[in-house]
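Structure first, then comments.
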Amino acid sequence: MSYSYAPLLFFAGIGFVFAAFSVGMAALTGPKRYNRAKVDAYECGIQPSPHADGGGRVPIKYYLTAMLFIVFDIESVFLYPFAVSFDRMGLFALVEMVLFVLTVFVAYAYVWRRGGLEWD
């Protein structure tokens, strides 16, 4: 029984050795020119200020877009197993999946009508 895990452990060991070797060689052979810009925290090229522009508020469209992505991501997670085992499930599963897709379509139509898919 323990021999069945030998290939898995072998490939995990090879992966670990490769990762350690890559990091070690990069540290040894990489350039060592440090300056103020490399040592500073990464701030996307914009100098940080004590007060954010516009009062520090983030537009709600960013959050709505993220929520829309999550809704369609969850839809694909539910649709994939259904598509794989469609022939083994009966009519009940088909009706349930049609209701699920219609529910997601209603959410999509709502976001579309509200202008959530338009970028300024």
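Each reported figure results from applying straightforward, stated rules to the coordinates on display, with no laboratory input. Worth saying up front: this structure is predicted, and the values here are computed from it rather than measured. Note that each Cβ is placed from the backbone with ideal geometry, even for glycine, and that neighbours are counted across all protein chains shown.
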Could you check the simple spin-label distance between R33 and W119, using points 7 Å along Cα→Cβ, in nm with one decimal?
3.5 nm
Rough spin-label spacing in nm, given labels placed 7 Å along Cα→Cβ, for A66 and L99:
3.2 nm
Which of W112, W119 comes first, and how do the rest follow, when ranked by fewest Cβ neighbours within 10 Å?
W119, W112
How much net charge surrounds T103 when only the other residues with a Cβ under 12 Å from the Cβ of T103 are counted, with Lys and Arg +1 and Asp and Glu -1?
-2
The stretch 1-36-the stretch 60-103 distance, computed between alpha-carbon centres (Å)
39 Å
Estimated FRET transfer efficiency when R0 is 30 angstrom, pair F82-A19 (beta carbons, to 0.05)
0.20
Listing M25, M97, M67 by rising number of other beta-carbon atoms within 10 angstrom, fewest first, gives M25, M67, M97
Order of E118, E96 from fewest to most other C-beta atoms within 10 Å?
E118, E96
